[in-house]
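Contents: one structure, followed by commentary.
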Amino acid sequence: MFKLMLRYNTVQNTLDINDKLSPPATDEVIWARIDRNYTQKEQNHFIEELETNPLAKEKMQQFSELPMVDVFENEAVISIFAIQEDYTFVKVNILMGRNYVITIEDEHSEGLFIDLVKRFKEHPEYMSHPGKILYHLIDKISTDYLRIVDKIANEILELEKEVFITPFENRISKSIYRWKIRLHQLRQVVEYQGSVIQTIGRPDFPFTNKEAGFYFQDLSNRYERVVSAFDTFKENLSGIFNLQISLKSDHTNAIIKMLTLVSVIFIPMTFLAGVYGMNFKYMPELEWKYGYAYALILMFGIGIGIALYFKKEGWWGKQK
């Protein structure tokens, strides 16, 4: 449970950081970051002090299932999804007005915007307008998505390597299936979030200035790249799955080929053994002194001859 208040003075260009929640003065722009578990009474009181629309207040207390934006007369409520290292989401509700930005997260994630706080300390002017604050918030979140894209790319590459090493592992097929489900969920969220960013970046969005609106176009392009990357990953996973099936099929065919060749070699030998195993009284070779050796040489000679023929035709062993 935590709360954080960054208060920027537009006249003195100074930044004050504390944990006391209070509305901004006329010459101030604030960013308040509140954990959802923070005292509900104090949270509501703070939002009411901002003279927020009751419907906007209600939306701030509920977390949407997908990213969305609602614009009211004096404020806007933006629901976006931040991504974590384990590919789970942190839902973030943003209440935005003429001189304030309030964020509430659906779970404890104190480290989510810690780099952003450092950025504002080093460059207080980044808080000179709510649109700039919002841009840096979403910029941080979109950067995390790009990092996750690189991480997923590496994991899929490792999965592809495993296919060549252990093509018969059922675990690989299960991993591909789980990844497809995960990528579908990620893509759905990112696609909706990209639409939200496009809405915010429009010139008629009342809570961003012209400078911030220009940068939102870049953020929108980032989300398009992320969506494109997820589509590529899904195609790669399908390719890996087909590759595994192909490798399994090739390996199975090689085994069947080997068994067939061995069978072909032993069939004539078995035939000869069957012939000389018959209990006819008049078989010349049965009483011949060298009959046993003759039968063995004949059987193995035929077997070796067939094997050499297969070798010559390239059906057996490695071809030069």
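The values are calculated or read from the model by the stated rules, or taken from the named source; none is laboratory data. All of these numbers come straight from a predicted model, not from anything done at the bench. Positions of Cβ are generated from backbone atoms using ideal geometry, with glycine treated the same way; all protein chains shown enter the neighbour counts. In case anyone asks, the SASA skips ligands and DNA or RNA and just uses the protein heavy atoms, side chains included. Shrake-Rupley method; radii C 1.70, N 1.55, O 1.52, S 1.80 Å.
For the chain, modelled as a GNM whose springs connect Cα atoms under 10 angstrom apart, the maximal fluctuation among 83, 302, 141 occurs at 302.
Based on the Cβ-Cβ distance from residue 26 to residue 53, what FRET efficiency comes out when R0 is 25 Å, to the nearest 0.05?
Once the sixth-power term is evaluated, E becomes 0.75.
Mind checking the range 87-121 for GluC sites (Glu not before Pro) that DSSP puts in a loop (not H, G, I, E or B) and that have at most 16 other Cβ atoms within 10 Å? The partial results should precede the final answer.
Details: sites: 105, 107, 110; in loops: 107, 110.
Passing both the DSSP loop test and the Cβ count: 107, 110.
Annotation for residue 115 and residue 246: the two label points, set 7 Å from Cα along the Cα-Cβ direction, are 3.8 nm apart. Springs join every pair of Cα atoms under 10 Å in this Gaussian network model of the chain, and among 70, 144, 86 the largest mean-square fluctuation is at 86.
A simple spin-label model places pseudo-atoms 7 Å from Cα toward Cβ; at residue 17 and residue 264 they are separated by 7.7 nm.
Under the simplified labelling scheme, the residue 66-residue 151 pair shows an inter-label distance of 2.5 nm, with each label point 7 Å from Cα along Cα→Cβ.
Within the shell defined by Cβ-Cβ distances under 14 Å, the residues around residue 52 carry a net charge of -4, with Lys and Arg each +1 and Asp and Glu each -1. When the helices of the chain are scored as -39500 (n - 2.57) per DSSP H run of n ≥ 4 and the total is divided over every residue, the value at 222 nm lands at -20500 deg cm²/dmol.
Average the reciprocal distances over every distinct pair of alpha-carbons in the range 66-148, invert the result, and give the Kirkwood radius in Å. Write down the numbers at each step before the final one.
Numbers: mean 1/r = 0.0746 Å⁻¹.
Final number for the Kirkwood radius of the range 66-148 is 13.4 Å.
At 1.4 Å probe size, with the rest of the protein present, what percent of the exposed accessible area of the chain is carbon and sulfur atoms? Summing carbon and sulfur atoms, their accessible area is 56 percent of the total for the chain. Students often get this wrong, so check it: of 140/234; 174/248; 161/248; 91/140; 151/234, which have C-alpha atoms separated by over 18 Å? From 140/234; 174/248; 161/248; 91/140; 151/234, over 18 Å: 140/234. When only alpha carbons are used to place a centre, the range 141-164 and the range 11-85 end up 34 Å from one another.
Rounded to the nearest whole Hz, the Karplus-based 3J(HN,Hα) values (6.51 cos²θ - 1.76 cosθ + 1.60, θ = phi - 60°) of the range 21-27 follow the sequence 7, 7, x, x, 6, 4, 9, with x at glycine and proline.
Evaluate the chain: find the radius of gyration of its Cα atoms, find its Kirkwood radius, and give the ratio Rg to Rh. List each step's numbers first, then the result.
Details: Rg = 35.9 Å, Rh = 25.1 Å.
Rg/Rh for the chain comes to 1.43.
Rolling a 1.4 Å probe across the protein heavy atoms gives the chain an accessible surface of 57 Å² per residue.
Projecting the Cα atoms of 220, 307, 184 onto the charge dipole of the range 176-320, computed from C-beta unit charges around the Cα centre, puts 307 farthest toward the positive end.
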